[in-house]
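J.: There's a structure below that I have some questions on.
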Amino acid sequence: MTSPLIHHVSVINRDRYITFDFYHKLLGLEFLLKTVNQDEIEMLHLFFGDKTGRPGTEFSVFEMQNAPAKQFGTNSLERTVFAVPSEVSLEFWLARFETHDVFNCEIEYYQGRKYLHFEDRDGIQLALTSLRKGDASEHAPHQSADIPQEHTILGIDSFQCRVRYADASARSFMVTHGLEKIETYEHNHHQVTVLGQKDALFGQQVHLIEDRLRGIEKQGIGSVHHLALNAKNCDHLGAIEKLILENNFNYSGIKQRDFFESLYYREPNNLLIEVATEQTKFEKPAIKTDDYDAIPLFLPDFLEDRRRYIENQIKR
């Protein structure tokens, strides 16, 4: 299996139950983990993905019950695009969204391909498109009783950013992560720069929409918190850290995240980028229920002695 370009995406929602129902029960993503934000242990952190939980399929949600709603603007991590097996799958999902009253823009053309843009219950911007590269049989999507296997969500196809200065971000991603410029095109009067990586899982891409007209996004409920790009191993992560230091970017230092190692930094348009190692120690816990409350809270070893405090803090 090829390596991903995009390791995972993390977003901000308001309610754990609505989040669980939307991403697991409605979208049919595997529920991987109920845990907490290791930097703010009073904050719930939920993980979704395929059956293996491997990088390139992970989508995580921070619960921030009392945060304000986001204010749309530029210099934002804007939209996660998921891959489905075929264009026929888009018709299945359009009908499913209409049945479940999910806001969507119907099937439309974007970058010359068919997309189905939609939002979750908190306004997180999402989309579906047909598998760009490879064969659906190579992947391990969650099996859901009411979603046929031929229409299951496979993983992350691409990610869209809205920035004031696309060239600055493009140069940064190309130098720091070895991405290549694939093409530029115009969409809704904005130039879009497409970056990719040879042989990336799903043919993953990053799209930079240049928008100098809007004000800066104010993050809140409905925002993407960070985009995580992939480092193949700890040596690769160290090499990226060196480039970040050479460019004097604001960054966190390398953090041990129990399953992987990572760092965070701000690129030229102030987007929060995590870089996480593909080599993970993640083993999906056995979860045999769709009852959210019956799923145990996972804590890394270094937080186990604080379990009682944490569980009290994250109760509703």
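J.: Is it the case, given these coordinates, that L131 is touching a helix residue (DSSP H, G or I) at 6+ places or on another chain (Cβ under 6 Å) and closer than 15 Å to T80 by Cα?
T.: Here the answer is no, as L131 does not meet what is asked.
J.: Here is a further query. Which of the residues belonging to region 18-54 are in a loop (DSSP other than H, G, I, E, B), of a type outside the set (D, E) and modelled with pLDDT under 95?
T.: Quick first cut of region 18-54, residues in a loop (DSSP other than H, G, I, E, B) only: 27-29, 38-39, 50-54.
With of a type outside the set (D, E) added as a condition, the list becomes 27-29, 38, 51-54.
Within region 18-54, Q38, K51, T52, G53, R54 meet the criteria.
One line per residue, one yes/no per condition, for (1) at pLDDT 95 or above; (2) in contact with a Lys or Arg (Cβ under 8 Å, 6 or more places away or on another chain):
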residue: E241; (1), (2): yes, no
residue: N247; (1), (2): no, no
residue: Q256; (1), (2): no, no
residue: F259; (1), (2): no, yes
residue: Y265; (1), (2): yes, no
residue: I287; (1), (2): no, no
residue: Y292; (1), (2): no, yes
residue: I295; (1), (2): no, yes
residue: N312; (1), (2): no, no
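J.: I would also like to ask the following. Name every residue in region 273-284 that is surrounded by 14 or more Cβ atoms within 10 Å (Cβ to Cβ) and either at pLDDT below 95 or in contact with a helix residue (DSSP H, G or I) (Cβ under 7 Å, 6 or more places away or on another chain) (or both), in order of residue number.
T.: The answer is V275, T277, E278, Q279, T280, F282, K284.
J.: Output yes when any residue across region 178-196 is over 22 Å from G112 (Cα atoms), surrounded by fewer than 21 Cβ atoms within 10 Å (Cβ to Cβ), at pLDDT 95 or above and not basic (K, R), and no when none is.
T.: yes
J.: Of all residues being in a helix (DSSP H, G or I) and β-branched (V, I, T) in region 68-107, which is surrounded by the fewest Cβ atoms within 10 Å (Cβ to Cβ)? Just the residue, please.
T.: T99
J.: Is at least one residue of region 129-148 open to solvent by less than 30 Å² (accessible area, probe 1.4 Å) and closer than 16 Å to H207 by Cβ?
T.: Yes; the residues of region 129-148 include at least one that is open to solvent by less than 30 Å² (accessible area, probe 1.4 Å) and closer than 16 Å to H207 by Cβ.
J.: Now a separate question. Condition first: at negative phi, β-branched (V, I, T) and surrounded by fewer than 19 Cβ atoms within 10 Å (Cβ to Cβ). Can you find one or more residues in region 206-224 that meet it?
T.: yes
J.: Within region 41-48, identify whether any single residue is over 16 Å from the mean Cα position of the chain (by Cα) and of a type in the set (F, W, Y), and answer yes or no. Steps first, answer last, please.
T.: First, the residues of region 41-48 that are over 16 Å from the mean Cα position of the chain (by Cα): 41-44.
Cutting the leftovers down to of a type in the set (F, W, Y) gives us none.
Among the residues of region 41-48, not one is over 16 Å from the mean Cα position of the chain (by Cα) and of a type in the set (F, W, Y), which makes the answer no.
J.: Residues of region 109-119 being open to solvent by 40 Å² or more (accessible area, probe 1.4 Å) and either aromatic (F, W, Y) or in a strand (DSSP E or B) (or both), which ones?
T.: Those that are open to solvent by 40 Å² or more (accessible area, probe 1.4 Å) and either aromatic (F, W, Y) or in a strand (DSSP E or B) (or both): Y109, R113, K114, E119.
J.: Now for a separate question. Please work out if L303 is open to solvent by less than 60 Å² (accessible area, probe 1.4 Å) and in a loop (DSSP other than H, G, I, E, B).
T.: For L303, the condition - open to solvent by less than 60 Å² (accessible area, probe 1.4 Å) and in a loop (DSSP other than H, G, I, E, B) - is not met.
J.: State the number of residues belonging to region 1-17 that are assigned to a helix (DSSP H, G or I) and either among the basic types (K, R) or open to solvent by less than 10 Å² (accessible area, probe 1.4 Å) (or both). Break it down stepwise before answering.
T.: From region 1-17, those assigned to a helix (DSSP H, G or I) are 16-17; that's our starting set.
Then keep just the ones that are either among the basic types (K, R) or open to solvent by less than 10 Å² (accessible area, probe 1.4 Å) (or both); that gives 16.
Selection size over region 1-17: 1.
J.: Here's something else I'd like to know. Condition first: aromatic (F, W, Y) and either open to solvent by 90 Å² or more (accessible area, probe 1.4 Å) or not in a helix (DSSP H, G or I) (or both). Now tell me which residues in region 285-300 satisfy that. Can you show your working first?
T.: Here is the first cut: in region 285-300, the ones aromatic (F, W, Y) are 292, 298.
Scanning region 285-300 gives a single hit, F298.
J.: Another one. Would you please name the residue that is farthest from V163 (Cα to Cα), looking only at residues in region 249-272 that are of a type in the set (S, T, N, Q) and surrounded by 17 or more Cβ atoms within 10 Å (Cβ to Cβ)? Steps first, answer last, please.
T.: Narrowing region 249-272 to residues of a type in the set (S, T, N, Q): 250, 252, 256, 262, 269-270.
Subset that is surrounded by 17 or more Cβ atoms within 10 Å (Cβ to Cβ): 262, 269.
Numbers: S262: 24, N269: 6 Å.
Filtering region 249-272 for residues that are of a type in the set (S, T, N, Q) and surrounded by 17 or more Cβ atoms within 10 Å (Cβ to Cβ), the one farthest from V163 (Cα to Cα) comes out as S262.
J.: Among the residues of region 220-279, write down those that are in a helix (DSSP H, G or I) and either without any contact (Cβ under 8 Å) to a residue 24 or more places away in the chain or in contact with a strand residue (DSSP E or B) (Cβ under 7 Å, 6 or more places away or on another chain) (or both).
T.: Selection gives C234, D235, L237, G238, A239, I240, E241, K242, I244, L245, E246.
J.: Looking at D157, D122, D199, which one is part of a loop (DSSP other than H, G, I, E, B) and modelled with pLDDT of 95 or more? Explain how you work it out, then say what you get.
T.: On the way: D157 fails: part of a loop (DSSP other than H, G, I, E, B); D199 fails: modelled with pLDDT of 95 or more.
Step by step, each of D157, D122, D199 is checked, and only D122 is part of a loop (DSSP other than H, G, I, E, B) and modelled with pLDDT of 95 or more.
The values are calculated or read from the model by the stated rules, or taken from the named source; none is laboratory data. Note that this is a predicted model, so its numbers are computed, not measured. Virtual Cβ from ideal backbone geometry, glycine too; neighbours counted across all protein chains shown. Protein only, heavy atoms only, side chains kept; ligands, DNA and RNA dropped before computing areas. Shrake-Rupley method; radii C 1.70, N 1.55, O 1.52, S 1.80 Å.
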